[in-house]
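Participant: Below you will find the structure I want to go over with you.
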Amino acid sequence: MIIILLGPPGAGKGTIADKINSLVPIPVIATGDILRKAIESGSDLGEKAKSYVVSGKLVPDEYIIKIVEDRITESDCEKGFIFDGFPRTINQAKALDLVFKRLNKDIDQVFYFDISYETIINRLSARRVCTRCGAIYNLKYDPPEKADLCNKCGGKLIQRVDDQEETIKKRIDVYNEETSPLISYYEKMNILTKINADQDLEDRFKILWNRLTEIGVIKNSKLW
Ligand code: ADP
Ligand code: ZN
């Protein structure tokens with residue numbers, strides 16, 4: 001099963017990816033997470049990516065495509081994977097098509113999470129992330145039991161540097177300009193499902209799961 005989660009920052013792609021991953025044993029490939037880890041570790045890639053990520057700009061396609069190609073050929077990706085935050089430009093989508101052609105793989109479905117501008121700002125400015133395990137919280141909708149500490153692992157919760165209001169606005173502009181053309185790109189390929197992301201997680205998930213069942217990727221609520 002290969003699926004793509006598409007939508008603006010704050011649409012809840014990471015949360016829904018975790019939920020799918022808890023039911024279906026395939027990895028989530030979140031290019032944003034890979035980049036943040038690279039930056040933290042001070043690797044070559046991290047050094048190159050840092051200024052882009054911090055200011056809310058897109059990291060150049062060539063780096064991203066290399067990251068994705070390396071990752072999907074690892075052994076845990078054999079039965080499929082979930083892309084969160086990739087592709088983000090038409091160029092990346094076209095490069096992915098070429099890689100998949102070579103590897104004889106197909107995208108099963110692209111889920112596009114549609115969300116209002118206000119909800120994005122509300123969600124992102126209240127978002128906190130665990131520095132240890134990556135769990136995501138929202139101070140308003142899903143607060144941790146103890147202030148600033150992760151329920152799952154006790155790690156410290158922080159606000160991502162790119163979740164400050166000015167950078168959020170920049171990321172939304174970048175999304176509208178560079179990423180939103182992917183909606184019609186995948187619509188034309190007949191593999192796009194639109195989900196209203198203002199609804200609860202349960203409702204969003206139900207639409208996604210039903211669609212995967214409908215196209216035969218999940219059978220009797222099981223993947224295999
Ligand atoms: P969000 O979806 O909330 O904006 P991500 O964690 O997906 O956050 O991405 C954070 C940052 O990492 C982006 O603003 C961008 O700088 C970089 N990034 C992530 N994925 C890509 C990608 N596919 N192409 C280019 N840059 C990316
Ligand atoms: Zn944690």
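Participant: Within 10 Å, count the other beta carbons around each residue, average over each peptide in 138-148, 28-38, 1-11, and list them highest first. All intermediate terms of the calculation are to be shown ahead of the outcome.
Facilitator: Details: 138-148: 12.6, 28-38: 19.0, 1-11: 23.5.
The peptides rank, most packed first, as 1-11, 28-38, 138-148.
Participant: Right, here's the next one. Can you work out the Karplus-derived ³J(HN,Hα) for every residue in the stretch 116-129? Use 6.51 cos²θ - 1.76 cosθ + 1.60 with θ = phi - 60°, whole Hz, and x for glycine or proline.
Facilitator: 7, 4, 4, 4, 4, 4, 4, 5, 6, 6, 9, 7, 10, 10
Participant: Got a number for carbon plus sulfur as a percent of the stretch 78-224's accessible area, 1.4 Å probe? Present the calculation step by step, with values, prior to reporting the outcome.
Facilitator: Details: 3970 of 8440 Å².
That fraction is 47 percent.
Participant: Sticking with this one: Per 0.36 nm of contour for each residue apart, how much would the distance between residue 50 and residue 213 grow if the chain were fully extended, relative to their Cα-Cα spacing?
Facilitator: Values: separation 163, 0.36 × 163 = 58.68 nm, distance 3.96 nm.
Stretched fully, the residue 50-residue 213 segment lengthens by 54.7 nm.
Participant: Hey, what did the stretch 143-224 get for relative contact order, percent, Cα under 8 Å, at least 6 apart?
Facilitator: That works out to 10 percent.
Participant: Here's another thing I want to ask about it. With label points built 7 Å along Cα→Cβ from the Cα atoms of residue 91 and residue 119, find their separation and express it in nm.
Facilitator: Result for the modelled spin labels: 3.1 nm.
Participant: Also, quick follow-up: If I model a spin label as a point 7 Å beyond the Cα along the Cα-Cβ vector, how far apart are those points for residue 173 and residue 145 in nm?
Facilitator: 4.3
Participant: Moving on. If you count only protein heavy atoms with a 1.4 Å probe, what accessible area per residue comes out for the stretch 136-212, rounded to a whole Å²?
Facilitator: Per residue, the stretch 136-212 has 61 Å² of solvent-accessible surface.
Participant: Can you grab the distance from the C-alpha centre of the stretch 144-184 to the C-alpha centre of the stretch 45-90, Å, no decimals?
Facilitator: 17
Participant: ³J(HN,Hα) across the stretch 196-211 via Karplus (A = 6.51, B = -1.76, C = 1.60, θ = phi - 60°), whole Hz, x for Gly/Pro?
Facilitator: Result, rounded to whole Hz: 6, 8, 7, 7, 4, 4, 4, 5, 4, 5, 4, 4, 4, 5, 4, 5.
Participant: Separate question: With the cut-off at 1.5 for a/c, could you classify the stretch 141-224 from its C-alpha gyration tensor as rounded, prolate or oblate? Mind showing how you got there, number by number?
Facilitator: Details: a/c = 2.87, a/b = 1.27, b/c = 2.27.
The shape class here is oblate.
Participant: What ³J(HN,Hα) values, in whole Hz, does the Karplus curve 6.51 cos²θ - 1.76 cosθ + 1.60 give for the stretch 18-24 when θ = phi - 60°, with x put for Gly and Pro?
Facilitator: Along the stretch 18-24, the couplings run 4, 5, 4, 4, 6, 10, 10 Hz.
Participant: With both bridge residues required to lie in the chain, what share of the DSSP beta bridges run antiparallel, to the nearest 5%? Each step should come with its number before you reach the end.
Facilitator: On the way: 8 of 24 bridges.
Counting DSSP beta bridges with both partners in the chain, the antiparallel share is about 35 percent.
Participant: Now a separate question. Using modelled backbone amide H atoms (1.01 Å from N, in-plane), which distant-in-sequence or interchain residues come within less than 5 Å of residue 151's amide H?
Facilitator: The list, which skips near neighbours in sequence, is 145.
Participant: Might you work out the accessible area of residue 58 for me, using a 1.4 Å probe with all protein chains in place, and round it to the nearest 10 Å²?
Facilitator: In the full protein context, residue 58 sits at about 40 Å².
Participant: Heavy atoms of the protein only, probe of 1.4 Å, neighbouring chains included. What is the accessible area of residue 62 in Å², nearest 10?
Facilitator: 130
Participant: Along Cα→Cβ, 7 Å out, is where each label goes; now give me the distance between the ones at residue 102 and residue 43 in nm to one decimal.
Facilitator: Output for this residue pair reads 1.9 nm.
Participant: Would you work out the charge dipole size for the chain about its Cα centre, treating the Cβ of every Lys and Arg as +1 and the Cβ of every Asp and Glu as -1, and quote it to the nearest 20 debye? Display every interim value, and only then the final one.
Facilitator: Values: 34 positive and 34 negative charges, 61 e Å.
Its charge dipole is roughly 300 debye.
Participant: Next up: Which value, in Å² and to the nearest 10, is the accessible area of residue 131 when all protein chains are kept and the probe is 1.4 Å?
Facilitator: Counting only protein heavy atoms, residue 131 exposes about 80 Å² to solvent.
Participant: Lys/Arg Cβ at +1, Asp/Glu Cβ at -1, dipole of the chain taken about the Cα centre: which of 110, 212, 55 is farthest positive-ward?
Facilitator: The Cα lying farthest towards the positive end belongs to 212.
The values are calculated or read from the model by the stated rules, or taken from the named source; none is laboratory data. Worth saying up front: this structure is predicted, and the values here are computed from it rather than measured. When we count neighbours, we look across all protein chains shown, and the Cβ atoms used for this are built from the backbone with ideal geometry, even at glycine. Side chains are part of the model used for accessible areas, which takes the heavy atoms of the whole protein and leaves out ligands, DNA and RNA. Shrake-Rupley method; radii C 1.70, N 1.55, O 1.52, S 1.80 Å.
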